[in-house]
Amino acid sequence: MSMKFLKTVAGAAVSSLWEKVSGNVVVKDTSANVGIGTDDPDDSRLYITQDSASNPVLTLLDTDAIAYDFVFPDTNTLKITCAGGADRTFELNNSAGGVFNLKTDGNLVIGTAGKGIDFSAQTPAAGMTAELLDHYECGTFTPVIADASTGGNTGSGTVVGLYTRIGRVVNFSMSLSLINTSGMTAGNVIYFRGLPFTASSSVNGFPQSALIHTVTFSDDYVVGRVNGNDTLIILQEMDSGAVWGSLTVAAISSGASYIYVQGSYPI
């Protein structure tokens with residue numbers, strides 16, 4: 001690959017445009033453009049062309065002689081790679097303040113599981129255990145109506161589950177319509193299994209809001225509960241000054257009951 005120092009004004013002598021000063025190559029004419037691998041640097045002050053998809057178009061070495069290669073592996077990609085064995089940091093520094101804008105018509109991709117956005121520059125609360133946002137996803141799940149936490153008998157109905165996970169928090173909505181309890185044991189607690197992630201074991205349960213229709217209970221109100229270290233929901237009825245109880249299969253009017261549960265829980 002050759003280096004050519006070209007002046008955009010036709011007819012100028014190339015030798016008059018650059019010189020060696022204190023070991024540095026200097027372009028003397030401020031109107032000159034530099035072309036590497038091309039004799040037509042167009043309007044760019046520095047214009048470099050790549051000779052093949054496997055060769056870097058530019059390589060920079062740090063003080064440890066670690067190479068940072070700028071490669072165009074295809075016509076749509078600029079890839080910056082580091083050949084060193086140790087971890088290296090790529091930093092865009094705007095320490096004077098202002099705004100850093102990342103504009104793209106595509107997606108920002110986290111290429112390694114467990115990596116994400118690090119918020120460790122902030123001042124955390126005393127109980128902080130993590131400052132890395134490393135997970136996002138959303139999707140669906142299928143709730144299972146059952147008379148046992150595992151195994152047992154299952155019911156049917158029109159069931160829909162939606163969820164969004166951000167970091168360690170799962171937000172979900174669950175809809176169960178026209179619940180059919182045929183074949184289930186009436187005296188058993190009714191469970192709604194199948195949450196997409198296992199809840200944290202840090203506490204025994206996490207309360208959720210519940211909207212119910214044609215469900216029989218004796219206390220004042222009903223809330224949903226995601227059991228700790230599990231992927232299921234139970235409905236608990238409560239009254240002032242009383243111990244809570246769990247709704248059983250018998251509380252459901254088979255073929256007529258509707259139950260909607262919405263909330264969130266940590267994992």
Relative to the compact-globule scaling 2.2 N^0.38 Å, provide the ratio for the alpha-carbon radius of gyration of the chain. 1.75
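Just order 223-234, 114-125, 201-212, 163-174 by mean Cβ neighbour count inside 10 Å, highest at the front, would you? Numbers along the way, then the final one.
Numbers: 223-234: 19.4, 114-125: 9.2, 201-212: 14.2, 163-174: 17.0.
So the peptides 223-234, 114-125, 201-212, 163-174, ranked by packing, come out 223-234, 163-174, 201-212, 114-125.
List L132, L78 from most exposed to least, where exposure is judged by having the fewest other Cβ atoms within 10 Å. Mind showing how you got there, number by number?
Values: L132 13, L78 10.
Ranking L132, L78 by Cβ neighbours within 10 Å, fewest first, gives L78, L132.
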For the stretch 212-227 and the stretch 81-134, what is the separation of their Cα centres, given in Å? 44
Once label points are set 7 Å from the Cα along Cα→Cβ at both V99 and S22, what is their separation, rounded to one decimal in nm? 4.0
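How much net charge surrounds F72 when only other residues with a Cβ under 15 Å from its Cβ are counted (Lys, Arg +1; Asp, Glu -1)? Provide the component values of the computation, followed by the final result.
Details: positive: K79; negative: D51, D69, D74.
Spelling it out: positives minus negatives among the neighbours equals -2.
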For the chain, set up a Gaussian network in which alpha carbons nearer than 10 Å are linked by springs, and say which option among T77, T129, T158 fluctuates the most. T77
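Grab the beta carbon distance between V144 and S120, set R0 = 41 Å, and tell me the FRET efficiency rounded to 0.05. Can you show the working numbers first?
Numbers: r = 40 Å, r/R0 = 0.98.
Calculated transfer efficiency: 0.55.
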Amide proton proximity set for L58, modelled H, under 5 Å, gap of 5+: F70
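Here, each number is a calculation from the coordinates, and none is a lab measurement. Keep in mind the model is a prediction, meaning the values are calculated, not measured. With ideal geometry, Cβ positions are generated from the backbone for all residues, glycine too; neighbour counts draw on all protein chains shown.
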